[in-house]
Amino acid sequence: QKEVEQNSGPLSVPEGAIASLNCTYSDRGSQSFFWYRQYSGKSPELIMFIYSNGDKEDGRFTAQLNKASQYVSLLIRDSQPSDSATYLCAVIDRSASKIIFGSGTRLSIRP
Amino acid sequence: DAGITQSPRHKVTETGTPVTLRCHQTENHRYMYWYRQDPGHGLRLIHYSYGVKDTDKGEVSDGYSVSRSKTEDFLLTLESATSSQTSVYFCAISAQQGASNQPQHFGDGTRLSIL
């Protein structure tokens, strides 16, 4: 079992709709959780982080964390074509010694 | 943007040759990381450094070595490059390790092809 799992996609969402991206992790002791966006041919860019159960909102983005179920999700409201990218979920392990990345979900926003 | 510069940005070389990639930062951050990114595998940690001359292995360290003689520079060396090391290599930095408000910031990457 991979430590951090994401559906590779592609996830196709119409413009203006809500895009929902999910991530599960295997280590119950994991601490902080991050979402990175990566455009094709570019480097990952941090867009959200969360470490407490519940929701965290930043503009059109909402990160949701459920430690009991070991999943973290990212919601993108009012999706725009510029949101088309690969989204990487990342988790800091219980020892806080390293950050583990999922393989990413490719999101495509169709006009 | 975080002050991270990777060089070279692109390199093509032959199997068996040594290759060194450089990561330079202007942020004075303590932690520096080397990742490789391949389709279907996401980002995988090769080596990381927690200070000058202090380094440790990641999950895919075989065939790679690193050095950090100055805070600002972290070098990744492929002693004898193989075709399986063809990949995109990213350097990342962070002020603290494992801190929720101190995530890693990435350089622009080096695309390395081993023929």
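Here, each number is a calculation from the coordinates, and none is a lab measurement. Only a predicted model underlies this, so the values are computations on that prediction, with no experimental measurement involved. Reconstructed Cβ throughout: ideal geometry from the backbone, glycine too, with neighbour counts over all protein chains shown.
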For an R0 of 30 angstrom, estimate the FRET efficiency from the Cβ-Cβ distance between B:Asp54 and B:Leu115 and round to the nearest 0.05.
-> 0.30
Report the FRET efficiency, 1/(1 + (r/R0)^6), for A:Glu5 and B:Ser67, where r is their Cβ-Cβ distance and R0 is 41 Å, rounded to 0.05.
-> 0.75
Roughly how many Å is it from the Cα centre of the range A:42-86 to that of the range B:1-70, as a whole number?
-> 27 Å
Counting lysine pairs in chain A that sit 8 or more positions apart or on different chains, with Cα atoms under 19 Å apart, gives 4
Over all distinct Cα pairs, what is the inverse of the mean 1/r for chain B, reported as the Kirkwood hydrodynamic radius in Å?
-> 14.0 Å
Classify the range A:34-111 as rounded, prolate or oblate, taking a ≥ b ≥ c as the square roots of the eigenvalues of its Cα gyration tensor: rounded when a/c is under 1.5, otherwise prolate if a/b is larger than b/c and oblate if not.
-> oblate
Counting Lys and Arg as +1 and Asp and Glu as -1, each charge on the Cβ, what is the dipole of chain B about the Cα centre in debye, to the nearest 20?
-> 80 debye
Pop out the ³J(HN,Hα) list for the range B:5-21 in order, Karplus 6.51 cos²θ - 1.76 cosθ + 1.60 with θ = phi - 60°, rounded to Hz; leave Gly and Pro as x.
-> 10, 10, 9, x, 7, 9, 8, 10, 8, 9, 3, x, 8, x, 9, 10, 10
